[in-house]
Amino acid sequence: MNDKGLRVLVVDDERAIRRFLRTSLSAYNYMVYEASSGQEALTAVIAHRPDLLILDLGLPDLDGIEVIRQLREWTRLPIIVLSVRERESDKISALDAGADDYLTKPFGVGELMARLRAAVRRTAQLDPEPVFSMDGLEVDLAHRRVSSQGREVQLTPTEYDLLRVLVLNAGKVLTHRQLLRQVWGLGYEEEMHLLRVNISNLRRKIEPEPSRPYFIVTEPGVGYRLRSNL
Amino acid sequence: MVAKTTPRQEASAQEDAGGNLRPRGRLKIFLSYAPGAGKTLAMLEDAYRRLEEGVDIVVGFVEPRDDKLVQDLLEKFEILPQHVISAAGISYVGMDLDRLLNRHPELVLVDHLARENPPGLRHEARYLEVDELLDAGIDVYTTLNVYHVESQVDAVASLTGVSVHGTVPDRLPEQAYQLELVDHPPQDLLERYHAGKISFPPRARANMEMFFQPGNLFALRELALRYVARRSNEFMRSYLERRGISGAENGSSRLLVCISGNEDAQRLVRAGRRMSDETRSEWTVIHVETPDQMDRGEENRSTLAQHMRLAEILGGSTETITGRSVAEAVREYARMHHIRRIMVGRSSRAQWKRFWRASLAETLLRSDPTISVYVVGSDHTPQPFRVPPFWKWITRIQLLASLAGVVLPTLLGMALWPTVISRSANLVMLYLLSVVITSFFLGFVPALLTALLSVLVFDFFFIPPLFKLFGFAPEYAFTFIGLLVASVVISTLVSRERSLTRAARRRAEQVTELYELSRDLSTAVDMEDILRTILDHIQRTFEREAVILLPKNNQLVLTASSAGQELDSSEMTAAEWAFQQGRSAGFNTGTFSYASFRYFPLETSSGIIGVMGVCLSSGILNLHPEETRQLGAYVTKAASAIERALFAEEASQAEILRATEKLQTALLNSISHDLRTPLASITGVLDSLRMDDGILDPAIRRELAETAYGEAERLNRLVGNLLDMSRLESGTLRISLQPADIQDVVGAALNALGHRLDDHPIRVDIPGDLPLVPMDYVLINQVLINLIENAAKYSPEDGPITISAQPIENGVKVVIDDAGPGIPEEDLQHIFEKFYRVKRFENVVGTGLGLSICKGIVEVHGGKIWAENHPDGGVQMAFTLPTKPSKLIAQEVAKEPIQEELRA
C-alpha cells in the first residue's frame, strides 16, 4: 500500500541515516524533508507541515524528549523515535512524552514501513474500524465479541478492555504505564503485576500457542504491541 | 620502588652534575665577640639591601629589643608569627619552622644561632632548625658570637674563666657561604654595657659580668679575629685547590685521639678538633675498653657516649675497640690504619701509680719511634687515690666464698699436719691452690682477699709460735712473701684471662648473631618474612622492641612491629623526619629527643627506603658502644634485605603486567578477527552489487543481499555481546527489578530469535501458575536468547529444543534441553568463562562471550547457572532466579509527570 504524497520529516544528525531513510521512503512515494537538529526540526515542522515525523533521540542540541514535548503542545503529528539498544528508559520517556512508536537501530525498511503505517493510520481515522480481524483473531468492538480461530473466547471485563486498547492502537507500541492508565486508570501506573497477569491470561485465551505469542508481542522493557499486518 | 634520596645525596649530586636538583641553602653568619657589637643591625641592613633588590625575605626569629634602629628596620620586613609553646605553665616562644618551610621564602633571618630551644620543639637547638631550613633550599642569615663556637669553648674558658653552654658545632660556620665579622671597639662596648644599653637574656648575666671585663673583652675580640682569619685562610686554600693551583698543602695524615671515661676527655676532644683544624687533617676519637673496664657501671658508659657524641658533632669519626691494654690496642690500631700522630691526655694517675706503669704516652713513644705523641695538659688536679667503700669491691657472696677459700685449706691442713705432712711450710701449697681456684671462679678481688687472709691464717695456725701472729723465724718471711706474691700474680693473670675470654666469647657471640641474621634473611620468603626476621633478631640480640616503617603511597606507614605496638603522632613525626632528612632522630638524639624510640633511616644505594625504630627508653637506657655498632650493622643489613624484597615485588608485578598484556593482546586479536569476518562478507557483497551493471541475475542478487543481511545481523549481535560484557565487567550494569512472567520472557526471546530457530522444533513447557519473579526483563530476555541460540547452534538439524520452568524453593528454575552431542566433561565447568570455546566445535562461529554474559546476569540477580550432560545425549543448561533477591539494585524510576494523554 503506497501512501501517495504523504509528507515525512526525517530528523537525524547523521547524514547516512537521513540518506537511507530518504531513499527508502521516496521509493514508497513519500515526500521527504530533512532536518539535522532539534531546533531545525521545530522550525521545519512549522514550515513544511509534515504528516509524520521520524525523530532521532540522540540529537546534539535539544533533547529529543524536549522536542516531542514542545510539539505536543500544539500538534497531534504522529512521531516515531529512533533509538539504540539498551536505552529502554529513553524509549519509555519518549513514548510517555507523546511519541507514537519507536524503532531500534539498526532496523530494516520492513519494520519502518509497518510502524509508519500504523502511526499514520491512527490519526487518519476518526472513526475506527468496528471489527479488527487478522490471522484468525477477530475482535468486534461494537458488540464486544472476541473470537480466536473461529472459537468464541470469554474474557473478563479487564481482559477485554486491555485487548480493546491494544486493538485501537494495533501495530503501535504501548508502554506499561500507558496500558495501566488506560485500562485501570490514574494511579495504577506502577501495578506491573496486574498487567502481567492479565496479559498472560489474555494470551492463554486468544493465542494459538500461548508460549510463543503471535498477536500480543512483548516489547522488552518497554511495553506491548498488538501485531498488525495492515 | 620508592626511595628517598637524602639531602646529603642530593647536595652531592648537585655538586657533580650541576643539574636540576635543589641545592642546599646558603648560610651567612654575622659573627662577633660579644653582644651589643651590632650583629643584628648589620644583618638587617644587609637583608634590607636585598629586599630592595626584590628578594623574598622573611624574618624567622629576631628578638625585639630597645634599639630604635633595629626596630625600624625590622618593621620593613615580613615577620612570621612566632610559635608559642606552654610547658609547665610557662609560655615559651620559638621559631615556627613548619610555617617557614611551607612559606618557603628565598631568605630567612634568624637571630642567635646558638640559642637552645625550649622543650617541646622539634629540635633541641636553633642550629638544627637552621640546618633544616638550609636542607630545604632556603638561604639563612644569622648571628653568632664566637664564644658559642664549639671548638673555641676551651679557649674561652681559659681566657675568661667562663664555661659556655649551648654551643654551635663547627660545621655550620665552616659550611657557611659567608662569614662576616662585625667588629666594635671594645672600650665603647664596655661603656655601653655599664650604661645598661646592651641586651642579653637574664640567665646569661653571670657570664656577661665575666665577659665585660676589659681584659676579657679584648681577648674575646682577638679570638674572634683569629677565627675569622683562619676561616678565610680556609676559603683561600679551597679556592686554590678548586682551581687546581698547587702549593695548597693537602691535609696531612689522620690524627688519633685517645680518650678515657673521665672528665678530661671533653677537653681532649676539643683539642683534637683544633689540631685537626690547624693541620687540616681528618681525625678519629678512639676509646679502648680493657677487660677490667668491661664490667663497669652505667654512668661511665653514658659519660663516654656523651664524649663520643661531642666528637661527632665536632666532625671527627669515633670508634670503640677492645684490647688487653690501652697502649697495646692503640698501637695496633695506629699501625693498621697507618696513623702517625696520636693525641693523649695527661695521665691522671697519681704519682705513685706512675711508678709502676709508664703512662700511655711513654709507652707509645717507646714502642714506635716514628710516631708523634701529643700530650694535652689538663688543669684537672689528679684526685688523690681514695679507697672506695668496701662493698664496691666485693659482693657478699664473693666475700663468703673467699672466706671459705681460707677456711677450707686450714681445716684440711689441720687434719694433715703434723701426721701426713711433717713440715708446715709445705701446707703453703694448699693455700696457693685455694687462691688459684678462687681467682678462677670469683675474680681478682676475692682472690686477693683470700691470698691476704691465707697468709695471716697460715701464720696463725701453722707457723711457730702457734696461735700467734708474727714472731716467727725470719726464714718464714720468704714463705709468706712467696705465697703472697705468687697469689697476687696468679690471681691477676687468671682474672685477666677470664675477662679476656669473656670478651672474646662475647665477640664471637656477636659475630654469630650477625651471621644468623644474614642467614635467616637470605632464606626469608617475602617482605613480611623479612620484617619479622629482623624484628625477632633485634629482640633476641638487644632485648629491645623495634618497629619498621615503610612508605606506602608516599606516606610513611607502620609496617611491622615486634610487639604489635601503635605509634602515636609524636613518634610518627620523629620517624617521618628521619625518613625525610636521612638522619637518625628520636631518643637521645638532638631531634625529637622526647620520643621513646630512636629512628634510623634505612639507607641503600637507591636512597632511603624506610625507617627502623628501636625502643631505647626502657631497660638499660644507654647503648654500650659495641651495641651501637652492632645495631648499626643490623640497620644496614635490614636495609639491604628490604631493598631486595622490594625489588622482588617489583619484578613479580612487572611479570604479571607482562602476562596480562599478552593475554589482552590475544583477546584483542580474537575479537578483531570476529568483527572483521562478517564485515568482509558484507563489504564483498555490497561491492558486487555496487559494481553490477545488471549482469547479475535478480535471484542471485537477492541471495547475495540475504547473505549480507545475515552477516550484518550477526555483527550486530556480536557488538551487543561485547557491550554487555563490558558493562558487566565495569560494574556499570544497572538492573531494574520488576516482577515478570517467565512465559512472557521466553516468548519474547523466541520471537527475537525468529527464523534462526526454523530448523529446530521448539517445545515450551511452563506451568500457568508459575509465580511472577522479580527480574530485569531485558537482561533475562538476553540470557534466554543466548541460551536458546546456543542450543540451536550446537544441535543437529531437526534436533528438538525444550524450554521448561518449574518452581523451586525460594525461586524459579528455567531449563533448556537440546539433543546435541553434549559437551566434554572437562569443558563443562569452563564453558561459562569468557571467550571459552569448546575445542570440538572449531568450526562453530561465535566469540564465546554469550554464556559468560548469561552467567554474569544471572549472578547479578542472585541466581545460579550451570550445565549438565544428559545421560542419553544432549546438554541441559539451567539457571535459577530467586523470588526474593537479596541484592536489590533498583534503577531510578523516571519521575516525570505523565503527559496529557492525547489519544483516545
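The values are calculated or read from the model by the stated rules, or taken from the named source; none is laboratory data. Bear in mind that the values here come from a model prediction, so they are computed numbers and not experimental data. No Cβ is skipped: glycine too gets one built from the backbone with ideal geometry, and neighbour counts run over all protein chains shown. In case anyone asks, the SASA skips ligands and DNA or RNA and just uses the protein heavy atoms, side chains included. Shrake-Rupley method; radii C 1.70, N 1.55, O 1.52, S 1.80 Å.
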*In deg cm²/dmol and to the nearest 500, what is the mean residue ellipticity at 222 nm of the protein assembly as shown if only DSSP H runs of at least 4 residues count, each as -39500 (n - 2.57), divided by the residue total?*
-15500 deg cm²/dmol
*Rg/Rg_ref, the stretch A:102-230, where Rg_ref = 2.2 N^0.38 Å and atoms are Cα*: 1.03
*May I ask for the percentage of alpha-carbon pairs in chain B that lie more than 37 Å from each other?*
68
*asked:* Need one number: convex hull volume per residue for the stretch B:114-263, Cα atoms only, in Å³.
replied: 177
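Could you pull out the trypsin sites (Lys or Arg not before Pro) across the stretch B:421-504 that fall in loop regions by DSSP (anything but H, G, I, E, B) with no more than 14 other Cβ atoms inside 10 Å?
Passing both the DSSP loop test and the Cβ count: B:ARG423, B:LYS468.
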_Residues with amide H under 5 Å from that of B:SER617, placed H, sequence gap 5 or more_ = none
*Alpha-carbon Rg/Rh ratio, for the stretch A:1-159, with Rh computed the Kirkwood way*: 1.04
*Under a 1.4 Å probe, what is the accessible area of the stretch A:87-218 per residue, stated in Å²?*
42
*Quick one: among A:PRO130, A:PRO60, A:PRO220, which has the greatest mean-square fluctuation in a GNM of chain A with alpha-carbon springs under 10 angstrom?*
A:PRO220
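Hey, what's the per residue convex hull volume over the C-alpha atoms of the stretch B:419-489, in cubic angstrom?
79
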*Could you sort out which of B:LYS793/B:LYS834; B:LYS793/B:LYS864; A:LYS105/B:LYS793; A:LYS205/B:LYS793; A:LYS172/B:LYS813 sit more than 28 Å apart by Cα distance in this structure?*
A:LYS205/B:LYS793; A:LYS172/B:LYS813
*asked:* Please report the carbon-and-sulfur percent of the accessible area for the protein assembly as shown; probe 1.4 Å, protein heavy atoms only, DNA, RNA and ligands left out.
replied: 53
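Per-residue Cβ counts within 10 Å, from other chains only, averaged over A:86-92: what number is that? Don't jump to the answer; show the numbers that get you there.
Numbers: counts 8, 0, 5, 6, 1, 0, 2.
If you average over the peptide's residues, the count of other-chain Cβ atoms is 3.
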*asked:* Based on C-alpha coordinates, I'd like the Rg and Dmax of the stretch B:606-693, in Å.
replied: 31.6, 104
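Given a cut-off of under 8 Å on Cα pairs at least six residues apart, what relative contact order in percent is computed for chain B?
7
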*Would you please classify the overall shape of the stretch B:631-775 from the alpha carbon gyration tensor, given that a ≥ b ≥ c denote the square roots of the eigenvalues, rounded means a/c under 1.5, and beyond that prolate means a/b larger than b/c while oblate covers the rest?*
oblate
*Percent RCO, i.e. relative contact order, over the stretch B:727-798, from Cα pairs under 8 Å lying at least 6 residues apart*: 48
_Span per principal axis, largest first, for the Cα atoms of the protein assembly as shown (Å)_ = 158, 96, 64
*Once Rh for the stretch B:144-220 is found with the Kirkwood sum over Cα pairs, what is the Stokes-Einstein diffusion coefficient at 20 °C and 1.002 mPa s, in µm²/s?*
159
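Only loop residues by DSSP count here, and only those with at most 16 other Cβ atoms within 10 Å; note down the GluC sites (Glu not before Pro) in the stretch B:101-186 that meet that.
B:GLU106
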*Relative to the Cα centre, what is the charge dipole magnitude of the stretch B:637-789, using +1 at the beta carbon of each Lys and Arg, -1 at the beta carbon of each Asp and Glu, and rounding to the nearest 20 debye?*
540
_Distant-in-sequence amide H partners of B:GLU282 (H built 1.01 Å from N, under 5 Å)_ = B:LEU255
*State, in square angstrom and to the nearest 100, the accessible area buried between chains B and A, both chains counted, probe radius 1.4 Å.*
3100
*Which is the longest run of chain A containing none of the trypsin sites (Lys or Arg not before Pro) found in DSSP loop states (not H, G, I, E, B) with at most 15 other C-beta atoms within 10 Å?*
A:145-230
*Just counting partner chain Cβ atoms within 10 Å, what average do the residues of peptide B:735-741 show around their Cβ?*
4
_Partner chain coverage, peptide A:198-205 - average Cβ within 10 angstrom_ = 2
_Rounded to the nearest angstrom and ordered from largest down, what semi-axes does the equivalent ellipsoid of the stretch B:181-221 get from its C-alpha gyration tensor (root of 5λ)?_
16, 12, 10
*If you take all C-alpha pairs in the stretch A:17-93, what percent of them are over 14 Å apart?*
63
*Prolate/oblate/rounded label for the stretch B:704-764 (Cα gyration tensor, a/c 1.5)*: oblate
